Structure formats: structure tokens, C-alpha cells
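Below is one structure, written out as C-alpha cells, with a few remarks after it.
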Amino acid sequence: MRLRNVKGSREAIVASEFTINEPESHKGNWTEVFGNNKPIHIEVGMGKGRFITDLAKANPDINYIGIEKYSSVLIRALEKRQEVELDNLLFIRMDAEDICDVFAPEEVAKIYLNFSDPWPKDRHAKRRLTSKEFFNRYNNILKADGVVEFKTDNRPLFDFSLEQVPEAGWNLVAHTFDLHNSPMNEGNIMTEYEEKFSSMGNPIHKLIANR
Ligand code: SAM
């Protein structure tokens, strides 16, 4: 994602009713933040937030939290968020490395990873959101029957992810190298990157993993 500094974005995010500042203070108490016991699904690296906003519109019985590292990107999700009436969608600006400080064990029912940064250099492999180090973090916050769903058009990152699932002690529930021509596409909601790359002819890969 190309990052341009968006003036005032950090201040706007802190002031917004739709972003949670100091998310660590809500660890174990996210049901209180939403005011109900609906399951919590998160997207890590949500970018401009189209996918999670569409999910929140389609599934009022699920609470969604979008996580994004950069203010200049999250502000775009916030602009979209302000145009819709939803009580099941919040955002956090944070680095997902710290996700275990924000969610308690079993607090999250599902984790979405979409078009995550590839970090192509081997020495940066631990930063990939589908590395075994990240699966270990997800292991700490996901419900016992929780799942991780990952989509990308980046074949080397997808192949790496397919290897990391068993290395982390997880199970590969399903996968496809061509989502849009697969039965797994039923009910698929496109992300911004998915629309862009599939319109260029790139096949979209998807995997689902659990423990
Ligand atoms: N998921 C969106 C989509 O599919 O259109 C955006 C994809 S974009 C390539 C990846 C996003 O993940 C970027 O906005 C980036 O800032 C965010 N990201 C990458 N690593 C992250 C991390 N460790 N914690 C939080 N966000 C992260």
C-alpha cells in the first residue's frame, strides 16, 4: 500500500467514536465495549476497510474489529465508516504484533487476513501475518473452534503460508489457487486489493486454517 502522510489523520482517529484508543485496556472485556455478547471477528491489516465494512453490513449478528497499522490508511476506512449506520464495527490503529495485549484467550471467533504485505526478504519472514510466529499469536486469542481465513494474489506468500500452517501446529481446512473459479467463492466479499488484482487477471488464492 502506498503511504502518503495524511495531515491530521492521527488526531481524527483519536477523536473518532469508531476507533478504540488504548485497546489494551479492553482486553477480556470487548463484549462490554460493544454492549452485547455477539461473536467478535477481526481483520488484521484491513487497509481502507471496504471488506470489513461490507461484512459488518451483511452480518449484524457479528461484531467486527478492523486493525490497521497506519493512520494515513485507517483514516480512509473511517471516512467510509462515517457514512453508514452500524453498531457492530470498530477500528484499532495498532501493529498486529501486539495483538495478544489487546485480546484475551478465546475472545476472537474468526480472523481475516487479506492481501497481507509479502515481506519478500527471508530475514523479514517473521513479519508476514501468516508466519508461524503470527499463527502462535492467533492461537492465543482465538476460540477453540475459531478459524483464520487468508486471501492473496501473491503466490510465493501463499506457498509460504501453506507451509506455515502445519509448522505452527494448525490444520489446513481448505485452500484454492483460484478462488473466483472455485466453490470456495460462494458468498465471497471482495477487498480493495482483490478487486484491483483480479481485474488485472491475477488468480486469487485462499486458505482456511484451524487448530
Ligand atoms: N486488506 C486490505 C485489502 O485486501 O484491500 C489491504 C491490503 S494492504 C496490501 C495490507 C495492509 O495491512 C496495509 O494497509 C498495511 O498497513 C497493513 N498491515 C501490514 N502489517 C500490519 C501489521 N503488522 N499490523 C497492522 N496492519 C498491518
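The values are calculated or read from the model by the stated rules, or taken from the named source; none is laboratory data. Everything quoted here is computed from the prediction, not taken from an experiment. No Cβ is skipped: glycine too gets one built from the backbone with ideal geometry, and neighbour counts run over all protein chains shown. The accessibility values were calculated without ligands, DNA or RNA, using every heavy atom of the protein model including side chains. Shrake-Rupley method; radii C 1.70, N 1.55, O 1.52, S 1.80 Å.
Assorted remarks:
- Each residue in the range 100-130 was checked for being away from the ligand (no atom under 13 Å from the Cβ) and on the phi > 0 side of the Ramachandran plot, and 1 pass.
- Looking across the range 123-155 at every residue that is in contact with a Phe, Trp or Tyr (Cβ under 7 Å, 6 or more places away or on another chain) and either hydrophobic (A, V, I, L, M, F, W, C) or not assigned by TED's automatic domain parsing to the domain that holds LEU179 (or both), the one that is nearest to HIS205 (Cα to Cα) is identified as VAL148.
- Condition check for LEU86: more than 28 Å from ALA144 (Cβ to Cβ) and crowded, with 19+ Cβ neighbours inside 10 Å: no
- Taken as a whole, the range 57-64 holds at least one residue that is under 19 Å from GLU107 (Cβ atoms), away from the ligand (no atom under 16 Å from the Cβ), open to solvent by 50 Å² or more (accessible area, probe 1.4 Å) and in contact with a Lys or Arg (Cβ under 8 Å, 6 or more places away or on another chain).
- If you check GLU133, GLU97 for being more than 9 Å from the ligand (Cβ to nearest atom), over 21 Å from PHE51 (Cα atoms) and surrounded by fewer than 21 Cβ atoms within 10 Å (Cβ to Cβ), only one passes: GLU133.
- Hits in the range 177-209 (condition: assigned to a helix (DSSP H, G or I) and not hydroxyl-bearing (Ser, Thr, Tyr)): LEU179, HIS180, ASN181, PRO183, MET184, ASN185, GLU192, GLU194, GLU195, LYS196, PHE197
- Just one of the numbered conditions (1) surrounded by fewer than 14 Cβ atoms within 10 Å (Cβ to Cβ); (2) touching a residue at least 12 places away in the same chain (Cβ under 8 Å) is not true of ASP122: (2).
- Residues that are closer than 21 Å to GLY49 by Cβ, more than 11 Å from the ligand (Cβ to nearest atom) and either charged (D, E, K, R) or part of a loop (DSSP other than H, G, I, E, B) (or both) are absent from the range 158-176.
- Qualifying residue in the range 145-156 (condition: in a strand (DSSP E or B) and over 16 Å from the mean Cα position of the chain (by Cα)): yes
- Number of positions in the range 8-30 that are open to solvent by 60 Å² or more (accessible area, probe 1.4 Å), at pLDDT 95 or above and part of a helix (DSSP H, G or I): 2
- Only one of the listed residues (ILE67, ILE75) is touching a helix residue (DSSP H, G or I) at 6+ places or on another chain (Cβ under 9 Å), touching a residue at least 60 places away in the same chain (Cβ under 8 Å), within 13 Å of the ligand (Cβ to nearest atom) and open to solvent by less than 60 Å² (accessible area, probe 1.4 Å). That residue is ILE75.
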